[in-house]
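Note sheet for the following structure.
The values are calculated or read from the model by the stated rules, or taken from the named source; none is laboratory data. Small disclaimer: the values here were computed from a predicted structure and weren't measured. Methodologically, a virtual Cβ is constructed for each residue, glycine included, from the backbone with ideal geometry; neighbour enumeration extends over all protein chains shown. Surface areas here come from the heavy atoms of the whole protein model, side chains and all, with no ligands, DNA or RNA. Shrake-Rupley method; radii C 1.70, N 1.55, O 1.52, S 1.80 Å.
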Amino acid sequence: MTDQPGHEEAIRQEPNPQPGRAEPLVTFYRFIPECRVPQRADSSAAGSMPTRAFRFCEAIRVASAFGWYLFPPIGVSFMWDGGTDISWTYEGADGWLPLKSAQFPGFVAHFDAKAPDEIKGFSPPFVAALQEPGIVQIWSGMVARTQPGWSLLVRGPANLPRNLGYEVYEGIVETDRWFGPLFTNLRLTRTNTPIALNPELPLLQVQPVNRELYGNALEQFELVTELDQLRPEEWSAYHATVVRPNTDPHRRQGEYAVAARRRRKEKEED
């Protein structure tokens with residue numbers, strides 16, 4: 001995974017920098033200066049995808065590239081005793097510290113120097129141990145704003161090998177209304193051993209979701225329970241999808257991927 005331009009410097013990307021250009025679907029605001037900037041998620045799952053899957057499995061490629069990666073602002077480690085106590089440490093710390101709630105190192109002074117007077121003293125915590133055993137909340141260092149009607153699904157990176165020391169809880173945040181810290185909760189799954197977060201590896205993948213697609217929209221579905229209920233056009237579609245490719249001696253591998261990419265390209269050119 002390569003660094004994006006502007007990784008080391010603060011950048012304000014204006015919502016509409018060019019006349020006639022549509023406003024961005026999401027704007028990320030970097031609060032913690034040390035944060036690596038968000039990166040468009042990668043169709044190769046940050047280089048971890050097997051070559052054959054990358055070449056021929058368009059479903060995996062598209063899912064992997066859907067959204068943006070967010071990274072830990074600093075190298076940080078947790079240790080859980082299996083009960084109620086969690087310790088943590090970070091790059092530059094003298095040792096392990098008991099975790100209740102903690103600010104990012106040096107961030108309070110930075111925040112108060114930049115914030116209006118009525119907001120000074122309200123910097124978000126960086127990490128916190130929740131009351132449920134083994135649950136840690138961690139802030140990405142980012143705040144996000146989406147277009148009206150759009151939310152962000154906050155989840156672990158799609159198709160990247162998981163860290164066996166924790167699980168990322170998923171959540172949908174109405175970021176067109178919520179202008180606050182973009183955080184997640186981690187469920188620690190190992191005890192009495194350090195669980196490290198690498199700032200060079202994605203911790204989260206955030207994906208745009210229109211609010212019309214969840215809630216009542218999910219009640220709009222049908223169920224066909226028997227094969228003899230399939231209509232002729234559905235059998236025809238099955239034949240085109242399954243039978244014809246498997247009986248064609250001249251079939252090229254990856255036809256679905258080629259066709260899907262062609263459709264996307266044609267749509268982008270319209």
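Here is how the numbers come out for the structure above:
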| read-out | value |
| --- | --- |
| Residue-level accessible surface for Leu218, protein heavy atoms, 1.4 Å, Å² | 110 |
| Estimated dipole of the stretch 158-227 in Debye, rounded to 20 [Cβ of Lys and Arg +1, of Asp and Glu -1, Cα centre] | 480 |
| R0 of 45 Å, Cβ-Cβ distance Gln220-Asp81: FRET efficiency to nearest 0.05 | 0.45 |
| Simple Cβ-charge dipole of the chain, Lys/Arg +1 and Asp/Glu -1, about Cα centre, in debye nearest 20 | 680 |
| Among Glu200, Glu233, Glu167: highest mean-square fluctuation, GNM of the chain, C-alpha pairs under 10 Å | Glu233 |
| Highest-fluctuation residue, Phe78, Phe107, Phe221 considered, GNM on the chain with Cα pairs under 10 Å | Phe221 |
| Spin-label model distance (nm) - Glu91 vs Asp112, 7 Å beyond Cα toward Cβ | 2.6 |
| Carbon/sulfur fraction of accessible area - the chain, other protein chains in place, 1.4 Å, % | 52 |
| Relative contact order, percent, the chain [alpha-carbon distance under 8 Å, six or more residues apart] | 21 |
| Accessible area of the chain divided out per residue, in Å², using a probe of 1.4 angstrom | 64 |
| 20 Å reach of a label modelled at Glu200, 7 Å along Cα-to-Cβ, counting backbone N of the stretch 149-178 | 157, 160-165 |
| Lys/Arg +1, Asp/Glu -1 at C-beta; the chain dipole; positive extreme among Leu223, Val127, Pro116 | Leu223 |
| Full-stretch length increase - Glu212, Phe179 - with 0.36 nm per residue and alpha-carbon distance subtracted | 9.8 nm |
| Whole-number Å³ per residue for the convex hull built on Cα positions in the stretch 23-175 | 155 |
| Dipole in debye (nearest 20) - the stretch 49-205, about Cα centre, beta carbon charges: Lys, Arg +1; Asp, Glu -1 | 560 |
